[in-house]
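Report on the following structure.
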Amino acid sequence: MSEYTARVRWVRQADEAYTDNRYSRGHEWSFDGGAVIAASSFPHVVPPPYSVETYVDPEEAFVASLSSCHMLFFLSIAGKKRFVVDEYVDDAIGVMEEDDRGKVAMTRVTLCPDVTFSGERRPSAADVERIHHLAHESCFIANSVRTAVAIEPVVR
């Protein structure tokens, strides 16, 4: 078993009443390796100035985590098969809509990887398809999409 942690921190600005729903949704994500990411709500859900368009929103992070996990497994599998990858670019797309339960959810994420290979040993289209299949089957995040989410609040 492995555990992963993230700290999400939001602080009300002194000039914000908060109860009027006019407060910044800007916050930060901190990770154990020291990375700090500026985050906010999606600007189409909460319009600026209460969201920050240049910050990462949770929905984008969800799409990016699926893409990143898939890429990392793809690179590992391709390397083990002795294919040299020079570049991997994925313009991944997530679709948020009402699902079959009537809940707004990320119903579909489409990965669009464009991989450039070099070297003497080049994969066939079938090889690339197989590596993507294996990467998808191995991806921890893709395998977790149906994960249970537990809420354990700190009570003061």
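Taken over region 1-17, the residue count meeting the criterion of being modelled with pLDDT of 95 or more and farther than 23 Å from Glu59 by Cβ is 1. Annotation: of all residues in region 72-110 being in contact with an Asp or Glu (Cβ under 8 Å, 6 or more places away or on another chain) and aromatic (Phe, Trp, Tyr), the one that is nearest to Arg121 (Cα to Cα) is Phe83.
Take region 56-91 and flag every residue that is in a helix (DSSP H, G or I) and touching a Leu at 6+ places or on another chain (Cβ under 6 Å).
Selection gives Ser67, His70, Ile77.
Looking at Val104, Val145, just one residue is under 23 Å from Ile37 (Cα atoms) and among the β-branched types (Val, Ile, Thr), and that residue is Val145.
Residues of region 39-55 being among the small types (Gly, Ala, Ser) and either in a loop (DSSP other than H, G, I, E, B) or at positive phi (or both), which ones? Scanning region 39-55 gives Ser40, Ser41, Ser51. Applying the condition of being aromatic (Phe, Trp, Tyr) and loosely packed, with under 11 Cβ neighbours inside 10 Å to region 1-45 and asking which residue is farthest from Pro153 (Cα to Cα) yields Tyr18.
Only a single criterion out of (1) outside any strand (DSSP E or B); (2) without any contact (Cβ under 8 Å) to a residue 60 or more places away in the chain; (3) of a type in the set (Phe, Trp, Tyr) is not satisfied by Trp29, namely (1). Residues that are free of Cβ contacts under 8 Å to residues at least 12 places away in the same chain and outside any loop (DSSP other than H, G, I, E, B) within region 92-102 comprise Glu97, Glu98, listed in sequence order. Say whether the condition of being among the small types (Gly, Ala, Ser), out of contact with any strand residue (DSSP E or B) (no Cβ under 7 Å at 6 or more places or on another chain), surrounded by 14 or more Cβ atoms within 10 Å (Cβ to Cβ) and not assigned by TED's automatic domain parsing to the domain that holds Ala38 is met by at least one residue in region 116-129. No, that holds for no residue. Of all the criteria given as (1) closer than 16 Å to Pro113 by Cα; (2) surrounded by 14 or more Cβ atoms within 10 Å (Cβ to Cβ), the one not satisfied by Ser51 is (1).
Which residue, of Val36, Val56, Val85, Val63, is free of Cβ contacts under 8 Å to residues at least 40 places away in the same chain and within 28 Å of Ile131 (Cβ to Cβ)? Being free of Cβ contacts under 8 Å to residues at least 40 places away in the same chain and within 28 Å of Ile131 (Cβ to Cβ) holds for just one of Val36, Val56, Val85, Val63, which is Val85. Picking from residues in region 103-156 that are part of a loop (DSSP other than H, G, I, E, B) and in contact with a helix residue (DSSP H, G or I) (Cβ under 6 Å, 6 or more places away or on another chain), the one that is nearest to Arg82 (Cα to Cα) is Cys139.
The values are calculated or read from the model by the stated rules, or taken from the named source; none is laboratory data. Just so it is clear, the structure is predicted and the values come from calculations on it, not from any experiment. FYI the Cβ positions are ideal-geometry reconstructions off the backbone, even for glycines, and counts take in every protein chain you see.
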